[in-house]
Every structure is written in C-alpha cells, then in structure tokens.
Amino acid sequence: MNHPVIAVRVGQWLDLRPHIRRVTANNPSAFTGPGTNSYLLETPKGWAILDPGPRLEQHFDQLVAATEGRPVACVLVTHTHPDHSPLANTVADHFSVPAIGLPAPDTGPQDRKFAPTVQPFDGQQLETCGGQVTAILTPGHASNHVCYWHALSNTVFTGDHINQGSTVVIDPPDGHMGDYLHSLARLLTYDLDAIAPGHGTLIDDPLSAINWLITHRAQREKKVLDALRSTNTPTSLSDLVPAVYDDVDARLFPIAERSLLAHLIHLEELGEARSVERKWQALQGYS
Ligand SMILES: [Zn+2]
C-alpha cells in the first residue's frame, strides 16, 4: 500500500497513519535535522508517548495537546541524548505513568537526569503500554539505545538508530560500530510496514532502507581499509578523513571523524588494523 509522505512540520501534531501521531520539537540543527520527532502511539491502555524530546515549554504544551485529553499509558525513551529524553520524566510525572528506557551511560553528552521507572530487557513486551509495544535493544549509536516495535501499526520507532535523510553519527566510546551493524541486522528479522525515525519523515520501505544502511557502512569501512593500506605509515584521523569522506562537505569533517574512529575501532576488533599512538595502520603486511 502506498502512503503519501507527510512532511515534517514543527509544533502541531500530525496523524501519520492510523494509530501514529507525530509532534516535532522546535530544535532544528545540523544534528537534529528539522527537529526531534516525538510520537504518540495508540495502545489499548491509551497513548504511549515516545521520546518526549528536549526541555522546551512549548513542546511540552504541544505534547499534552496532542493527547486530546485521552488517557496516557506510558512514556518511552529510545536513548538519553539531550534532544530525546530531557522532557521524559516531566511528561511521565504529569500523567502519573511509568517512564521506560535505559539510564544514561557515563560518557559523552547525555541527559543524566533521566530516571527510568522501568528498564526494559530485549524482547520485553511492555504490559504497562497495553502489551502492544515490544522493546528491542539496539546499542550502537548509543550504548543504551532501545527501539520499540508497535504491533498495532507494525512500525518500529528507531530514535537515532535509523534516521530519515541522513546516516547517524557513531561516536566512540559510547557509540560502537560493531554493535551498530549487529543492531541494524536485527531489524531485518521484522517484516515491518514502516520505520518511524527520531528525525525526518516516516520510512515506508523498511527493508530497503535497512539494507542500504548496512551496504553504505560496509562500503565506508572498505574505504577506510583502502586508505590505510594505501600508505604503510601510521596515519592520523584528520589525515584519513578527507580520503574516506571525499563525498562529504568538509565542514562536516569533525563529525565524520567520530564515525571514522568508530570504523577504525571496528577494524581493530576484526584484526584488520591497529592504533599506534593515536595513529592508525592496516595490519596486513605489518611485521
Ligand atoms: Zn542520539
């Protein structure tokens, strides 16, 4: 079935499909695209509000308005980056419902104030959300990342695991490329109708979107290895980035450098590369 793409519009809620409502926060940036998507998912116990987003008073008001006074069952958090979870406890407290998600890890920019009342395990069917929502642990973009499968719409809500319109940053040490690739492959086991990303519009061809991401990361990793092998001397990240990301605007190199590091760590784990005093070298032919 073909669905029209519903463009992102900040503020007012939008019904994307039956049982899925989106409210985009007014926090556009290079990292957040048009802004962070919060979602309301219909469940037999009322709304599940997913990723309430940044601490913006206007966004809180818009989320409350989007419920249209109907019951709220739970609040879901995909991860604790500052554009996803800071409003979560406020919204959960407002409706006196549990906040579900994993607490912030110690490294990197995180919303360490997020206090989950339920910490889901992988595959857990969340009874507090009317039994219609299942947690899928998807570390990679963040070590505490959780996607949620909503049975009623057969949609996975991917937070920053999968975004529409851009690839996501994998920022070590909390971001981990090996975990990320494994977490992407896990979603292939679901026969989904749609992916609802944390940024951008609904993705209605999930299988090809996930396969494209896996292929894209594999091609990037091959470029990293080729760049390492083209020189036999240990090379710094800043010297590698223009060769590996020659298709990317140079202004984005500082961000690309983080994902490059994630690829290098992955290659090291695979026994293909090693680091020598913050420089990197291919292992093949190394003696
Ligand atoms: Zn994130």
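Would you mind pulling out the separation of the Cα centroids of segment 242-287 and segment 178-217, in Å?
Cα centres, segment 242-287 to segment 178-217: 24 Å.
Could you name the aspartates and glutamates in cross-link range of LYS45, using Cα to Cα under 13 Å and dropping any fewer than eight places away on the same chain?
LYS45 reaches GLU127.
Rank these for me by crowding, PHE157, PHE31, going from fewest to most other beta carbons within 10 Å.
PHE31, PHE157
Please list the three semi-axes, largest first and in whole Å, of the ellipsoid equivalent to the chain, using sqrt of 5 times the eigenvalues of its alpha carbon gyration tensor.
Its equivalent ellipsoid spans semi-axes of 36, 18, 17 Å.
For every helix of n ≥ 4 consecutive DSSP H residues, a contribution of -39,500 (n - 2.57) applies; sum these over the chain, divide by its total residues, and give [θ] at 222 nm rounded to the nearest 500 deg cm²/dmol.
Rounded to the nearest 500, the figure is -8500 deg cm²/dmol.
Using the 10 angstrom Cβ neighbour count as an exposure proxy, how do LYS279, LYS223 rank, fewest first?
Ranked by crowding around the Cβ, least crowded first: LYS279, LYS223.
Which three extents, in angstrom, do the Cα atoms of segment 57-156 have along their principal axes, listed largest first?
Ordered largest first, segment 57-156 gives principal extents of 38, 31, 21 Å.
Put a dot 7 Å past each Cα toward the Cβ at GLN12 and PHE121; how far apart are the dots in nm?
Here the answer is 4.6 nm between the modelled labels.
So for segment 14-204, taking the charge dipole from beta-carbon charges (+1 Lys/Arg, -1 Asp/Glu), which of GLN124, ILE203, GLY165 sits furthest toward the positive end?
GLN124
Which percentage, to the nearest 5, of the DSSP beta bridges contained in segment 14-204 is antiparallel?
70
Fully extended, how many nm does the chain gain between SER208 and SER29 (0.36 nm per residue separation, minus their Cα-Cα distance)?
Full extension from SER208 to SER29 adds 61.8 nm.
Determine which lysines satisfy two conditions relative to LYS222: a Cα distance under 19 Å, and not lying fewer than 8 residues away in the same chain.
Leaving aside lysines fewer than 8 places away in the same chain, those within reach of LYS222 are LYS279.
Relative to the present Cα-Cα distance, how much length would full extension add between LEU188 and PHE253 at 0.36 nm per residue of separation?
Stretched fully, the LEU188-PHE253 segment lengthens by 20.4 nm.
Does segment 218-282 come out rounded, prolate or oblate by the C-alpha gyration tensor, with a ≥ b ≥ c the root eigenvalues, rounded set by a/c under 1.5 and, if not, prolate when a/b is larger than b/c and oblate if not?
Because a/c hits 1.5 or more and a/b exceeds b/c, segment 218-282 counts as prolate.
For the residues LYS45, LYS222, what sequence is obtained by ranking on other C-beta atoms within 10 Å, fewest first?
So the residues, fewest neighbours to most, are LYS222, LYS45.
With +1 assigned to the C-beta of every Lys and Arg and -1 to the C-beta of every Asp and Glu, and no other charges, what is the dipole magnitude of segment 218-282 about the Cα centre in debye, to the nearest 20?
Dipole size: approximately 60 debye.
Assign unit charges at the C-beta atoms only (+1 for Lys and Arg, -1 for Asp and Glu), then state the dipole size of segment 1-143 relative to its Cα centre in Debye, rounded to the nearest 20.
200
Each value in this text was obtained by applying a stated rule to the coordinates, not by laboratory testing. Predicted model, so just to flag it, every value in this text is computed and none were measured. A quick note on method: Cβ atoms are made from the backbone with ideal geometry, for glycine too, and the neighbour counts reach across all protein chains shown.
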